[in-house]
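Participant: Let me begin by handing over the structure; questions about it come next.
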Amino acid sequence: MTSQEIREKFLKYFKDRGHTIVPSSLLLPENDSSVLLTTAGMQQFKPYYTGEKDAVRDFGARQTVSVQKCFRTSDIDETGDQSHLTFFEMLGNFSFGGYFKKEAIEYAWKFITEEMKISSDRCYVSVFEGDGEVPEDSESITVWKELGIAGDKIQKRGREDNFWGPTGNEGPCGPTSEIYVDGVEIWNLVFNQYYCRPDKTLEPLKQNGIDTGMGLERLTMIVQDAPTIFETDLFLPIIQSIPHRDIENETRAVRIIADHARASAFLVADGVFPSNVGAGYILRRLLRRAIRYGKIMNFDKNFLIPLSEKVVEMYKKQYPELAAKREDILTVVQKEEEKFSGALEKGSKELEKILAEKSDKIISGDDAFKIYESYGFPMELTREIAAEKGFAVDESGWESAFKKHQEISRAGVEKKFGGHGVNEQTLKSEIHNSKEIKQIARLHTATHLLHQAIHDVLGHEAEVRQMGSDITPDRLRFDFSFPRRLTPEEMKKIENIVNEKITLDLPVYSAKMSKEDAIRMGARAFFKEKYPDEVNVYSIGDPDLSKAYSKELCGGPHIARTGEIGRFKIIKEESSSAGVRRMKAIVE
Ligand code: SER
């Protein structure tokens, strides 16, 4: 049975039992700030458990089923073994105030044994044993027994193993029952009975809910009788295209590369770009880790590109967003490799030097910070390299080095804006101020891209004119004429265009010319400003104004390439005055 047949069988099985098929949500959660990335199928359904939203109204049923794209950073260190991944697909069925434990367990058991034809001899299950707060799940034990599972195959376990949720700080949660095949956890059935408040107290939900999750890769491994998830049809073509010998170190390296290449492609397709914060940092960490393993394996520069292409080829039928974002994926991979390759070599040498000098086998916080700041080594990578050589990082030293740096940065900002008590920090503030200037330049170039992107998306409907612009080190503000509120789709489109131009790392040019020529060539000018006869024009993408993406009369300053901007994010769109919209955006 192919993995695609498994996906289809799962959806059909639950559809036949009254579930509405709901597409996967994005890996970047749209309405849930409690987590950076989507880690579970239930996330998009959170408001249906609490009763905030009505499933019958939105889905025509109290039950849904999905194949959800998920990402878990918590499993990054285990990736490379038999069954752990960072990105995976989760098969799940959900009920919001509809059926509860009995049906959920029966559905799951019949799917495993009858549809997937996995022998019950290979299975055992677990249930919640109870504690001072939540009682033993005797109801589930009874249902399993009725299905013919012997008592010794029903294991009772505590909170650690058999209680799930919430995602993030608060949300639905409850006891679970899990199905294991050949000792591998395949399916987690969560019985949502409680709402966990931010102070961690549990409050009974008004309606019971079901949230199940089964890793497609693990199920496929069992069904296809593969020794690991990497030998299933979800991975084999990728693994086989990476030359390696069948020895432990190489097998692990290749699996990590395959996982990270696949995960990165899916992240980029859902709008994540490498950066130093948030989801962008996770993507950067994955790519840089994969690049490092590629270097260890002596692979050619750009080895990740054909692998990313392979991922797109393999998955584009089920996930058309990969095909749509193919160019973005390949560009991101290429640029990140360009950025990191040189630094990896220099940073590794520096790290080797540090390691050679230390007899206590501990890397100091300051040294770890230096590697992080000078070479863009994600901290986890320093930790990993250190561990391979039997070293540890002084974690509290690293934390205080990091905090010291943050305080210096803050002091610099306060100084500029009239803060007090920063005299001793003057020198360091100066350094920071040069960073501020750079930040303003990044936002300024982003403003030019935004201006053009607004024209691209809205220009056909009404005349769009710049009505104002204001930049602080924290954000840009751009006012423009437009008669109505923008739709979320339009905002997303504009944001995506700007990010696409950033990913392409376009060069920024500056040239002097007569005002007349500049206007004739279509350079944008701000009508409120009086320009001299000779003007300066900034163009992005090409020095030839007729080919450039953006061109504006402007005195600068700007950065040299759009890639320096980082990730662009619109944070607000509002009315500024009649017929004028105001947008605020940040770069990360
Ligand atoms: N939310 C549970 C999990 O992620 C079941 O879907 O394991």
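Participant: Hand me the list of helices (runs of 4 or more DSSP H) wholly inside region 366-473 holding 3 or more residues that are at pLDDT 80 or above and over 30 Å from Arg288 (Cα atoms).
Facilitator: Ranges flagged: 426-458.
Participant: Kindly evaluate Ile362 against the criterion of being touching a residue at least 12 places away in the same chain (Cβ under 8 Å), surrounded by 14 or more Cβ atoms within 10 Å (Cβ to Cβ), aliphatic (A, V, I, L, M) and touching a strand residue (DSSP E or B) at 6+ places or on another chain (Cβ under 7 Å).
Facilitator: Against the criterion (touching a residue at least 12 places away in the same chain (Cβ under 8 Å), surrounded by 14 or more Cβ atoms within 10 Å (Cβ to Cβ), aliphatic (A, V, I, L, M) and touching a strand residue (DSSP E or B) at 6+ places or on another chain (Cβ under 7 Å)), Ile362 qualifies.
Yes or no, residue by residue, for (1) over 27 Å from Cys123 (Cα atoms); (2) touching a Gly at 6+ places or on another chain (Cβ under 8 Å):
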| site | (1), (2) |
| --- | --- |
| Cys196 | yes, yes |
| Leu202 | yes, no |
| Lys206 | yes, yes |
| Thr212 | no, yes |
| Leu216 | no, no |
| Leu234 | no, no |
| Ile238 | yes, no |
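Participant: Note down all Cβ pairs under 6 Å where the first residue falls in region 88-112 and is part of a helix (DSSP H, G or I), the second is away from the ligand (no atom under 11 Å from the Cβ) and among the charged types (D, E, K, R), and they're at least six residues apart or on different chains.
Facilitator: Lys101/Glu139
Participant: While we're here: Determine whether region 36-45 contains at least one residue that is in contact (Cβ under 8 Å) with a residue 60 or more places away in the chain, within 14 Å of the ligand (Cβ to nearest atom), among the hydroxyl-bearing types (Ser, Thr, Tyr) and crowded, with 16+ Cβ neighbours inside 10 Å.
Facilitator: Within region 36-45, one or more residues are in contact (Cβ under 8 Å) with a residue 60 or more places away in the chain, within 14 Å of the ligand (Cβ to nearest atom), among the hydroxyl-bearing types (Ser, Thr, Tyr) and crowded, with 16+ Cβ neighbours inside 10 Å.
Participant: Regarding Lys145, is this residue touching a Phe, Trp or Tyr at 6+ places or on another chain (Cβ under 7 Å), surrounded by fewer than 17 Cβ atoms within 10 Å (Cβ to Cβ) and not aliphatic (A, V, I, L, M)?
Facilitator: Criteria not met by Lys145.
Participant: Right, something else. Does region 56-71 include one or more residues that are over 16 Å from Ile229 (Cβ atoms), within 24 Å of the chain's Cα centre (by Cα), away from the ligand (no atom under 16 Å from the Cβ) and not charged (D, E, K, R)?
Facilitator: no
Participant: For the structure I just gave you, tell me whether Glu8 is free of Cβ contacts under 8 Å to residues at least 24 places away in the same chain, out of contact with any strand residue (DSSP E or B) (no Cβ under 9 Å at 6 or more places or on another chain), away from the ligand (no atom under 13 Å from the Cβ) and in a helix (DSSP H, G or I).
Facilitator: Against the criterion (free of Cβ contacts under 8 Å to residues at least 24 places away in the same chain, out of contact with any strand residue (DSSP E or B) (no Cβ under 9 Å at 6 or more places or on another chain), away from the ligand (no atom under 13 Å from the Cβ) and in a helix (DSSP H, G or I)), Glu8 qualifies.
Participant: Can you say whether Asp225 is surrounded by fewer than 22 Cβ atoms within 10 Å (Cβ to Cβ), within 23 Å of Leu11 (Cα to Cα), within 26 Å of the chain's Cα centre (by Cα) and away from the ligand (no atom under 16 Å from the Cβ), as far as the supplied structure shows?
Facilitator: No, not satisfied.
Participant: Looking at region 155-169, can you tell me whether even one residue there is over 34 Å from the mean Cα position of the chain (by Cα), assigned to a strand (DSSP E or B), more than 13 Å from the ligand (Cβ to nearest atom) and farther than 23 Å from Gln44 by Cα?
Facilitator: The answer is yes, given that some residue of region 155-169 is over 34 Å from the mean Cα position of the chain (by Cα), assigned to a strand (DSSP E or B), more than 13 Å from the ligand (Cβ to nearest atom) and farther than 23 Å from Gln44 by Cα.
The values are calculated or read from the model by the stated rules, or taken from the named source; none is laboratory data. Given the structure is predicted, the values throughout are model-derived calculations rather than measurements. Note that each Cβ is placed from the backbone with ideal geometry, even for glycine, and that neighbours are counted across all protein chains shown.
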